[in-house]
Structures are given as structure tokens and as C-alpha cells.
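First up is the structure itself, then whatever we jot down about it.
The values are calculated or read from the model by the stated rules, or taken from the named source; none is laboratory data. Quick caveat, the model's predicted, so the values are computed rather than measured. Cβ coordinates were reconstructed from backbone atoms using ideal geometry, including for glycine residues, and neighbour counts include every protein chain displayed. All accessible areas refer to the heavy atoms of the entire protein, side chains included, with ligands and DNA or RNA removed. Shrake-Rupley method; radii C 1.70, N 1.55, O 1.52, S 1.80 Å.
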Amino acid sequence: MEYPPESIHNLLPREEVRTEKPPRYISKFRATVLQETKLSKDARKTMGPAKSDQPLMGLHSKKDFVRTNVMETTLAEPRKPQPMYADTKRGHRHLLENSGLVPKYINKKDYGETPEYLKQRMEEEQRAQEEYDRNVSDRMMDGAMKKLSEDERTSILGGLKQNWEELNHQYQGLSLVTDTMSKRQHKVRLEQALQQLESDISMLEQYQTIYIA
């Protein structure tokens, strides 16, 4: 056990220092608030008139509660159980409606109808196509454009495919080792020519109507 250090100053009497607290704040509206509270308070206010605890005696009913309950239970519509699904082997169940397994979207009134934004886009594309057809027709009348016939398109397509076969045969016959500048340049030229022919063939096969200026 520790003791405080002994000192002769501890034997001298000391004056007790008292801390004075400031006066308590009192609002100047205190009297007004108390008076208004007293006037608005209803000391006799209750939840209603007092009721007698004495039960009513001598009252009888001719109603057959047993038969009434049987009739109500028989005629009542049976309660439908909520559709549920279990996701674990222990039978942890959830509501089926919010699981995404119930086909809700196909039951909507507007199911199968084209959305408004798609209708608007289709109309814009149709107007653009009509304007393009008018421009082509006007230029054809002026003699600036010519429509490629089916025979001409087939003939050109056959020639392009024949050229591709010849270039592809040359490309397959190239040496595997391109150790010189001339070999590398020849290979690059063949690859570019093959790509251009493939692009032209794809365009002729994709579009049946072709105009040339």
C-alpha cells in the first residue's frame, strides 16, 4: 500500500474553496406558458362515459351458432394456397411469383406488338429509301446512271470468281520462306488483290440491284 509523501505543509490549515454556481435561467414567458397550459388542460377528459362493470343478465338469443358456423364453412370459398417453389433439399421455399419462372410478360396486353420507337424507325428508313429511289430514278433519266442487268451481274460475278481462283493458285504456290524483299512485296500484293476480289464478290452476291455511273 502506497502513502502520500509526508510534508509539513500538509499540517497547515487550508481555506475551503467554494465554487459559486451562476443563477438558474428562467424564461420571462414562464408565467404565460403555465397559464395557457392550465387553461387548455381538461382534467375531466376521458375515453368516454364510464361503463358499468355489471354484466347484462337475462338476455337470450335464438340463433343456432353451431348450425350457422357449419353453413358458413360449407358455403365459403376454399382458400387458394400461394404458389411456392423449393430451392434446397430441405424444402426452403420462396414465392413463385417473384422467381422469374412465371410467364408474366406474355400475358401483357401489348405483347407481340411492335414498339412505337421501332415503328418510327421503320418509317424513317422507308422515307429514306423512297428518297434514294427517286434520286436514282432521276439520275437514270438523265443518263448519269445505268442499272446493271441480271446477265451482266452474273457475268461479272463469274469473272471475279475466276480471277480469285487464279490469284489464290498463285498465292498457294508461293515459297514458305520470304527471305527477300521482292518475295515479301509479291506476297503482300497477292493478299491485297485477294481481299479486294472477295469484297467485290460479296457485294455482288448480297445486292441484286446494282447501279453504275
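If each Cα of region 91-146 is one equal point scatterer, what is log10 of I(q)/I(0) from the Debye formula at q = 0.13, 0.28 Å⁻¹?
-0.61, -1.03
Which lysines does Lys80 reach when only Cα atoms under 27 Å apart count, and residues fewer than 8 places away in its own chain are ignored?
Lys89, Lys104, Lys108, Lys109
Angle between the Cα long axis of helix 30-40 and the longest principal axis of the chain, 0 to 90 degrees, nearest 10?
It is inclined by approximately 90 degrees.
Which value in deg cm²/dmol, rounded to the nearest 500, describes the helix-derived mean residue ellipticity at 222 nm for the chain, given -39,500 (n - 2.57) per DSSP H run of n ≥ 4 and division by the residue count?
-16000 deg cm²/dmol
Find me the longest stretch of the chain that has none of the exposed GluC sites (Glu not before Pro), where exposed means in a DSSP loop (not H, G, I, E or B) with at most 16 other Cβ atoms within 10 Å.
114-213
Taking the Cα centre of the chain as origin, work out the dipole magnitude from +1 charges on Lys and Arg Cβ and -1 charges on Asp and Glu Cβ, in debye rounded to 20.
2320 debye
Calculate what fraction, in whole %, of the accessible area of the chain sits on carbon and sulfur atoms when a 1.4 Å probe is rolled over the protein chains.
Here it works out to 53 percent.
Quick one: helix 181-206 against the long Cα principal axis of the chain, what's the angle to the nearest 10°, folded into 0 to 90?
So the inclination is approximately 80 degrees.
May I ask which residue of Leu96, Met122, Gln195 lies farthest towards the positive end of the charge dipole of the chain, with charges of +1 (Lys, Arg) and -1 (Asp, Glu) on Cβ and the Cα centre as origin?
In the chain, that residue is Leu96.
Per residue, how much accessible area does the chain show when a 1.4 Å probe rolls over the protein heavy atoms, in square angstrom?
I get 101 Å² per residue for this part.
Tell me the Rg and the Dmax, in Å, that the Cα atoms of the chain produce.
50.7, 132
What angle, in degrees between 0 and 90 and rounded to the nearest 10, separates the Cα long axis of helix 65-75 from the longest principal axis of the Cα atoms of the chain?
That helix lies at roughly 10 degrees to the long axis.
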